[in-house]
Amino acid sequence: MAKKKSSYAAKHQQESTIFSWAEENADLWQIFKEPYNFEKIFIQLPYERQMEFLRITQAIQRDKFNIATPQKRKTLQYAADVFFEKMQWMTDSYYEEGEGFYPLADDERRLVRMECYGTIDARKQHQLSVCYKYFTSLEGKGRKKFKLKDYDLASAPMWRVFRQFESFRNIEPKLKQYLWKKRINPDALKVMSVSDYCDALYHTFTTNPKSSKATILKTPIKNKFVMDFMKHCGTQFEEYLRQKNIDERLVYSLCLAMKRFGVCDPNSISVIDTNFTSQILSDLKKGGYDISAYTIGQKIPQELIDDVIDQDKGCLLAARDEKGILISKLSLPKFEVHHTDGVQFAHSTSGGKMYYEKYLAQTNYPNKLMLVESEMHHLFYHGYDSVIRTTNNTECYYSRLNSNNPFLVMINGFGEKDHMYYDMENNARFRRREKEDKENVVNFFEMQLERLDNIKTITAKYNISHSPTHLKQEIDEIHSIIGMDSDVSGDIVKGLNKWLRSLKKADKNGVSALTIEGKGRE
Amino acid sequence: MSQKFISYLQKQKFKQGETLESEALIVAQKVLYNMGLSFIPDAYGKFLKQHNGIKAGDCYLFGATVDDDLDIIDQNKLMRKPDNTLLLGYNDFDLLCYNFKQKNYQIVDRNDWKVLETYDENDLDDALLHIFNI
């Protein structure tokens, strides 16, 4: 007997040619046959088919389809480009490509991510600076005790990079407390790198030292955005989902999770009933709840729902169909949070110069985030991303699909009805945040230089051994980015280079300051 | 093997592809090879036997599955990625790639393909944890 072919094998057995595809996808092929009727035909298609059409358009644009003749290829590629333009028009977006921009430094990008996700990963030893390791290695009772007010984080160069974000300013007191309790010398703040501060934050917030990450923000920016969206547009959003004929219980559960926790991933949602059923009452009873006051059909009180979910017993309210089978979450749209401005382009420090109209903290601002259906997010909004950069960052090329409208907060398809608009930044709370953020904008590279300059004095003060080669690399890197345009920076670089030369000279003469693992004194 | 990651997963809510069929893995290897990419690295293949493609939050790991979002062949055809790499998954910011020239796993920035972290062939566990972290 012939062995049944696996469904995966069946999926990939056919060669992808435009012709075999056209035969199987007559509805989509129709658009290619009548390109001038694109809007009319495309908008009538179900969402899944629209996505399939987008997939094929991209494959043609990227020449990933086996098309018989060059002439046919050219014609189809032209059509695909036109369709893509029309899709941009339908979604209030525009494709942008350009060159000559300065991408964000890795550390700056890391901060944007941390604020967005609200978590921090444990740093490895090799990622920490020599000075930080020196100051943290001085454990024990004999360690000098400092005053809390000695920990002036607001003037610590690399922490100033963190405190450009409101979220990091808010957790500053806890970090201060941690450093004080650990009796870490306040001089360390002047020389700590971004990685060092990450390590200190990880230890401040970790509840399990074996875990690879710690939660630093109770409500990360991403979740906060979803919660704010529900606060302002929740009713409209619920109504929109209902009009899509999605099961009432699914709509209710999704909106509840979005409102309470800022979560919109169906995998993290318990689909619950809205009214008591015999099954729910019996489950609640088994779960130890007093059900005497409740009757079948009665609306489940919000307080009870909140309590059950807080106790992580959402399954007690699990919605079932008439056969007693749990309701599937498959018909729920999967939403994700999208940065409308590429993180890469939040350069406050392009070429070492400040552009105050653009600053790092802006990347996570509410009008620069939006909810997008998952497939559309990856296929459409990120489907055209590319950044190519040269080693010295001088000739960078990028392409990206940008949103044209900062008020677009939710998009679930190409039709006008699938878009929602709201000005999330039009409130006093946001304006205060914006004002404070602007006051705290710093130039990342200038902060780096300040830190390196501090290393010069701190290593001498505590006799900490340091590798001049490693420091030289750091200085050269910054110097190549900011150049000698700024007199202040130029003077610092000159001073640092002079210091490094003296260190190297001392190294040749075997002076102890350059021993690799030499112990300092405090 | 990815034990640390698998035990991490046990505490998470996620969606996964259908159970891996050995024929599906062979098909995936063949198609990827014909696309000029490499075979699925051994450790990742073993991992797929336990979890054939995963979606949790904004994190995706690909497998030999009929689910288009998680299908390693479809995603390697569709998504932009650095040369000489096999795309194994991604999160909102980064791609998880296997560099078959250098024989290591790489965490690559989604936008500019800058290699942010490199993990040895034996360190799949750490690479998977990274893509699920930040």
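The values are calculated or read from the model by the stated rules, or taken from the named source; none is laboratory data. Every value quoted in this text rests on a predicted model; they were computed, and no experiment measured them. Here the Cβ is made from the backbone with ideal geometry for all residues, glycine too, and neighbour counts use every protein chain on show. To get the accessible areas, we keep the full protein, side chains included, count just its heavy atoms, and leave off ligands, DNA and RNA. Shrake-Rupley method; radii C 1.70, N 1.55, O 1.52, S 1.80 Å.
Just want to confirm a number: the relative contact order over region A:81-231, from Cα pairs under 8 angstrom separated by 6+ residues, in percent.
Once normalised by length, the contact order is 35 percent.
Per-residue mean of other chain beta-carbon atoms within 10 angstrom of the beta-carbon, peptide B:122-132?
Counting Cβ atoms of other protein chains within 10 Å of each residue's Cβ and averaging gives 1.
Given B:LEU124, A:LEU128, A:SER93, which one lies farthest toward the positive end of the charge dipole of the protein assembly as shown, if we put +1 on the Cβ of every Lys and Arg and -1 on the Cβ of every Asp and Glu?
Farthest towards the positive end: A:LEU128.
Could you pull out every residue, at least 5 positions away or on a different chain, whose amide H is within less than 5 Å of the one on B:LEU88? Hs are placed 1.01 Å off N in the peptide plane, and Pro or chain starts have none.
B:LEU96, B:CYS97, B:TYR98
On a 30 Å Cα-Cα criterion, which of the cross-link pairs A:LYS213/A:LYS494; A:LYS285/B:LYS49; A:LYS285/A:LYS323; A:LYS176/B:LYS4; A:LYS323/B:LYS4 come out too long?
A:LYS213/A:LYS494; A:LYS285/B:LYS49; A:LYS176/B:LYS4; A:LYS323/B:LYS4
Can you give me the accessible area per residue for region B:14-132, using a 1.4 Å probe, in Å²?
Counting only protein heavy atoms, the per-residue value for region B:14-132 is 36 Å².
Sorting A:MET410, B:MET79 by accessible area (1.4 Å probe), largest first, what list results?
The most accessible residue leads, giving B:MET79, A:MET410.
What accessible area, in Å² to the nearest ten, does a 1.4 Å probe give for A:LYS329?
Ignoring ligands and nucleic acids, A:LYS329 comes out at about 70 Å².
Tally Lys/Arg at +1 and Asp/Glu at -1 over every other residue whose Cβ is under 9 Å from the Cβ of A:MET90; what's the total?
It works out to a net charge of -2.
Kindly provide the Kirkwood hydrodynamic radius of region A:39-186 in Å, to one decimal, from all pairs of distinct alpha carbon atoms.
21.2 Å
Count, for each residue of A:46-58, the Cβ atoms from other chains sitting within 10 Å of its Cβ, then give me the mean as a whole number.
Per residue, the number of nearby Cβ atoms from other chains is 1 on average.
Can you compute the charge dipole magnitude of region A:146-215 about its Cα centre, using +1 on each Lys and Arg Cβ and -1 on each Asp and Glu Cβ, nothing else charged? Give it in debye, rounded to the nearest 20.
Once rounded to the nearest 20, the dipole reads 220 debye.
Just add up the charged neighbours of A:ILE31: K/R +1, D/E -1, any other residue whose Cβ is under 12 Å from the Cβ of A:ILE31.
Result for the local shell: 0.
For labels at A:GLU434 and A:ASN402 in the simple 7 Å Cα→Cβ model, what's the distance in nm?
Once both label points are built, they end up 1.8 nm from each other.
Provide the net charge surrounding B:HIS51, with neighbours chosen by a C-beta distance below 12 Å and charges set as Lys +1, Arg +1, Asp -1, Glu -1.
Surrounding charge for B:HIS51 is +3.
How much accessible surface area, in Å² rounded to 10, belongs to the heavy atoms of A:ASP152 with a 1.4 Å probe?
That residue has around 80 Å² of solvent-accessible surface.
Any idea of the total accessible area buried by the A-B contact, 1.4 Å probe, rounded to 100 Å²?
The buried area between A and B, both sides summed, comes to about 4100 Å².
Considering only A:ASN25, A:PHE444, B:LEU61, whose Cα is most displaced toward the positive end of the charge dipole of the protein assembly as shown, charges sitting on Cβ of Lys, Arg (+1) and Asp, Glu (-1)?
A:PHE444
Might you report the magnitude of the Cβ-based charge dipole of region A:14-90 about its Cα centre, with Lys and Arg at +1 and Asp and Glu at -1, to the nearest 20 debye?
So the magnitude is around 240 debye.
Take the solvent-accessible surface of the protein heavy atoms, probe 1.4 Å, and return the percent of it on the protein assembly as shown that carbon and sulfur atoms account for.
50 percent
Based on the alpha-carbon gyration tensor of region B:14-132 and its eigenvalue square roots a ≥ b ≥ c, which shape applies: rounded if a/c is under 1.5, prolate if not and a/b is larger than b/c, or oblate?
rounded
Among A:GLN362, A:PHE84, A:TYR398, whose Cα projects farthest towards the positive end of the dipole of the protein assembly as shown, with charges put on the beta-carbon of Lys, Arg (+1) and Asp, Glu (-1)?
A:GLN362
Could you pull the accessible area for B:TYR60 with a 1.4 Å probe, rounded to 10 Å²?
0 Å²
In region B:65-88, which residues become less accessible by 10 Å² or more once every protein chain is in place, relative to the chain on its own, using a 1.4 Å probe?
Residues losing area: B:VAL66, B:ASP68, B:ASP69, B:ASP71, B:ILE73, B:ASP74, B:LYS77, B:LEU78, B:ARG80.
Got a sec? What order do B:VAL115, A:VAL343, A:VAL263 fall in by accessible area at 1.4 Å, biggest, i.e. largest, first?
Reading off the accessible areas and sorting them downward yields B:VAL115, A:VAL263, A:VAL343.
What residues of region B:17-38 lose no less than 30 Å² of accessible area with every protein chain in place versus their chain by itself (probe 1.4 Å, heavy atoms only)?
B:GLU21, B:GLU23, B:VAL27
If you place +1 on the Cβ of every Lys and Arg and -1 on the Cβ of every Asp and Glu, how big does the dipole about the Cα centre of the protein assembly as shown come out, in debye to the nearest 20?
Using Cβ point charges on Lys, Arg, Asp and Glu, the protein assembly as shown gives about 2500 debye.
Mind ranking A:THR91, A:THR219 by accessible surface for me, highest first, 1.4 Å probe?
I get A:THR219, A:THR91, largest accessible area first.
Once phi is turned into θ = phi - 60°, what whole-Hz ³J(HN,Hα) does the Karplus curve with 6.51, -1.76 and 1.60 give for every residue of region A:76-82, x standing for Gly and Pro?
5, 5, 4, 4, 4, 5, 5
Along each of the three principal axes of the Cα atoms of the protein assembly as shown, give the extent in whole Å, ordering the values from largest to smallest.
Ordered largest first, the protein assembly as shown gives principal extents of 81, 76, 56 Å.
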